[in-house]
């Protein structure tokens with residue numbers, strides 16, 4: 001059991017935590033503020049959230065790769081960090097935040113009929 005924990009800790013230590021945290025913050029800011037509406041109005045393109053996150057992650061990883069001067073091994077590290085960030089954000093942070101701060105239910109308009 002100790003060997004399993006050591007492998008998990010080694011994996012977590014190998015991730016690029018700077019990339020993970022800033023990627024989550026950038027994705028959250030773009031998806032939850034008026035940036036998305038600006039993109040729709042300015043470019044006339046409406047992209048689903050999952051594809052926006054994918055595009056943001058890839059573009060941001062390319063910037064990080066060149067800014068930090070990673071070698072080819074850095075690509076694998078960034079890819080693992082991207083996957084971990086998406087899973088961590090989607091399945092842990094969002095579920096935790098929904099339990100702490102439940103969303104308000106939208107009132108249904110009874111006058112609308114099909």
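Table for the structure above
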{"read-out": "Helix axis angle, 17-32 relative to the chain longest principal axis, alpha carbon, degrees", "value": "10 degrees"}
{"read-out": "Tilt relative to the chain, helix 72-87 - C-alpha long axis, 0 to 90 degrees, to 10", "value": "40 degrees"}
{"read-out": "Debye equation applied to the C-alpha atoms of the chain, log10 I(q)/I(0) at 0.10, 0.18 Å⁻¹", "value": "-0.44, -1.05"}
{"read-out": "Sites residue 62 and residue 97 - FRET efficiency at Förster radius 25 Å, r taken between beta-carbons, to 0.05", "value": "0.30"}
{"read-out": "Whole-Å distance, taken between Cα centres, linking the range 1-45 and the range 64-94", "value": "8 Å"}
{"read-out": "Crossing angle, helix 2-14 versus the chain [Cα axis fit, 0-90 degrees, rounded to tens]", "value": "70 degrees"}
{"read-out": "For peptides 48-58, 31-41, sequence by mean Cβ density within 10 Å, most packed first", "value": "48-58, 31-41"}
{"read-out": "Extension gain, residue 6 back to residue 80 (0.36 nm per residue minus Cα-Cα distance, nm)", "value": "24.9 nm"}
{"read-out": "CD proxy at 222 nm, helix term only [per DSSP H run n ≥ 4: -39500 (n - 2.57); per residue of the chain; nearest 500]", "value": "-22500 deg cm²/dmol"}
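Readers should treat all values here as calculations from the given coordinates under stated rules, not as data from a laboratory. Predicted model, so just to flag it, every value in this text is computed and none were measured. Virtual Cβ from ideal backbone geometry, glycine too; neighbours counted across all protein chains shown.
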